[in-house]
1. What does the accessible area of Arg20 come to, in Å² to the nearest 10, when a probe of 1.4 Å is used?
2. Ignoring ligands and nucleic acids, what accessible area does Glu17 show with a 1.4 Å probe (Å², nearest 10)?
3. Just by accessible area at a 1.4 angstrom probe, what is the order of Val3, Val34, Val26 from largest to smallest?
Amino acid sequence: MTVQAGVALDALDTRPEISRKAMRQVRDSGREAVRELRATTSRPPRCRGSRDCGNLPSASRAVTSSW
């Protein structure tokens, strides 16, 4: 991401089309990183038995995206 941001900054005045492409890649990489972080940090705790797990949301509902 930092390399692409550097390319965007260097090309901003002279090659705006390259700058736009680089910033889109930065945005896409950031979104993917946020999705991966949410998926990693929102996993429910381990259950001791079926009674302990009854009220936990499913993984598909626990991991949501605001993008």
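1. Around 130 Å² of this residue is reachable by solvent.
2. 90
3. On the way: Val3 105, Val34 45, Val26 25 Å².
So, going from the largest accessible area down, we get Val3, Val34, Val26.
The values are calculated or read from the model by the stated rules, or taken from the named source; none is laboratory data. Please read these numbers as outputs of a predicted model, since none were measured by experiment. For the accessible areas, the whole protein counts, side chains as well, though only heavy atoms, and no ligand, DNA or RNA atoms are used. Shrake-Rupley method; radii C 1.70, N 1.55, O 1.52, S 1.80 Å.
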